[in-house]
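Undergrad: There's a structure below that I have some questions on.
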Amino acid sequence: QYFCIMQKIISLVAAILFFNLVLTAQSINKSDSSYIIQLNQEIDNYVLKRDTASLAKLYAEGFVLKHGDSRTDRKSAWLTAVAKSNYSVRQHDSVKVEFHTNVAIAKGKMLVQKSGGETTAVPYRSYIRLFIFRNNRWQLLSHHTIYHQ
C-alpha cells in the first residue's frame, strides 16, 4: 500500500511539473516581442524563397493581406502570388509589438525590392500585422500595407 501511495504522489508531482513547464513555455512564446519580430521576418524570408508550404503553416485560416493599393488577397490567392513572385529583398525595420490576450499586433516598415533590377512602386512600406495564438502557436492572421502619400 505504501508503494501505491508513493507511486501516486510521484505521478502527481510529475504531472504538476510537466503542466508548469508547458505553461512557462507558452507564456514565453505568447508574450515575447522578440519571438514575434523573428517570426515576422521569417515569414518574409519564406516569401523570398517562394516556400509556400512553410507559409501555409504560418498563415492562419482566414488570413487576409490588404495591399497598399487597396487590393485584397486571401490566403490561397497570396500563396499563388508568392509562388510566382520575384522578390529579392523583404526586410523589416522598426518593428514594435503590442500584446492583447491571444493577439499580437506588429507595426513596422519593410523594404521591398524585386529581383532583376525591377523596382517596386513604393520600396519602403509601413504595415500593421495581426498575429493570433491558436493551437499553441502564433500565426499571421492579417497584413495591412499602408502607403504614405
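Undergrad: Quick one: would you say I146 is of a type in the set (A, V, I, L, M, F, W, C), open to solvent by 30 Å² or more (accessible area, probe 1.4 Å), in contact with a Gly (Cβ under 9 Å, 6 or more places away or on another chain) and in contact (Cβ under 8 Å) with a residue 60 or more places away in the chain?
TA: yes
Undergrad: Please pick out the residue among T80, T145 that is of a type in the set (S, T, Y), in contact with a Phe, Trp or Tyr (Cβ under 6 Å, 6 or more places away or on another chain) and modelled with pLDDT of 90 or more.
TA: Among T80, T145, only T145 is of a type in the set (S, T, Y), in contact with a Phe, Trp or Tyr (Cβ under 6 Å, 6 or more places away or on another chain) and modelled with pLDDT of 90 or more.
Undergrad: Would region 111-124 turn up any residue that is at pLDDT 90 or above and crowded, with 17+ Cβ neighbours inside 10 Å?
TA: no
Undergrad: Grab the strands (runs of 3 or more DSSP E) fully contained in region 46-149, keeping just those with 3 or more residues being under 18 Å from the mean Cα position of the chain (by Cα).
TA: Strands (runs of 3 or more DSSP E) meeting the threshold: 59-66, 87-100, 103-114, 124-134, 137-146.
Undergrad: Related question: Can you say whether I105 is among the hydrophobic types (A, V, I, L, M, F, W, C), in contact (Cβ under 8 Å) with a residue 12 or more places away in the chain and either more than 26 Å from D32 (Cβ to Cβ) or surrounded by fewer than 15 Cβ atoms within 10 Å (Cβ to Cβ) (or both), as far as the supplied structure shows?
TA: no
Undergrad: Additional query: I need a count of the residues in region 65-97 that are of a type in the set (A, V, I, L, M) and crowded, with 17+ Cβ neighbours inside 10 Å.
TA: Residues meeting the conditions: 5.
Undergrad: So L39 clears everything in (1) open to solvent by less than 70 Å² (accessible area, probe 1.4 Å); (2) in a loop (DSSP other than H, G, I, E, B) except one condition, right? Which one?
TA: Unmet condition: (2).
The values are calculated or read from the model by the stated rules, or taken from the named source; none is laboratory data. Computed from a predicted structure; not experimentally measured. Reconstructed Cβ throughout: ideal geometry from the backbone, glycine too, with neighbour counts over all protein chains shown. Keep in mind that these areas ignore ligands, DNA and RNA; they rest on the heavy atoms of the full protein, side chains included. Shrake-Rupley method; radii C 1.70, N 1.55, O 1.52, S 1.80 Å.
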